[in-house]
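Working notes, beginning with the structure itself.
Each reported figure results from applying straightforward, stated rules to the coordinates on display, with no laboratory input. Computed from a predicted structure; not experimentally measured. We place every Cβ from the backbone using ideal geometry, glycine too, and count neighbours over all the protein chains shown.
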Amino acid sequence: MSASCCRQEHKFDGMSPVYMRVLWVVIAINATMFCIEMAAGVMAGSQALQADALDFLGDTLTYGLSLYVIGKSLRARTAAALFKGVTLALMGLWVFGDTLYAVLVLGVPRAEIMGLVGFLALAANLASVLLLLRFRNGEANVRSVWLCSRNDAIGNVAVILAASGVWASGTAWPDLVVAAAMAGLFLWSATLIILQAVREYRQRGELVAEGSS
């Protein structure tokens, strides 16, 4: 066995009926929570809940893309992972900007609805995280799904803490602090996804070059 083969570690690429079924379940969970949380956000006048609802919608579309590229070429899977990484980074910037606007312009959100829906969203995302846990060390396209669900669960805890802070202080500033932390987490995860996708694509190119030489 060559040294180059020994250096390469095979990563799960999603080619499993079990993983595909799990992904369909996670897609259904996220689509349902988008509808519930968006309705609650509009009723409560909460920008944070509406932003989190859009996060659920983004995850639904992202997971659908992950499902579509399973079994496709490395180039297609890498492009999908890069797209998800860039989208996650843009989402982080958007969440921070939108929350800053809400804090400075729209006033204090309703903490009780934030907390209640935050707990419901947390339960949904924890279910997704547990379903995806065994696939967390796959290739970039698979790993990005795990990272998105993990980030969402962490974000839900942060929203609940923000709701507690808003209720205790009577101000919207806890929302801004939590949004900044969530935005940082999104940007960090986006960096990990993009770097892994580029690294896997380069490694594949090196193997092809070695095989043709």
Check your understanding: Quick one: Y201, Y19, Y68, fewest Cβ neighbours within 10 Å first, how do they rank?
Key -> Y68, Y201, Y19
Point to revise | Neighbourhood charge, 10 Å Cβ-Cβ cut-off, centred on D52 and excluding it, Lys, Arg +1 and Asp, Glu -1 | key: -3
Point to revise | FRET E, pair V25, R202, Förster distance 30 Å, beta-carbon r, rounded to 0.05 | key: 0.35
Check your understanding: Nearest 0.05, what FRET efficiency do I36 and T191 give at R0 = 35 Å with Cβ-Cβ as r?
Key -> 0.70
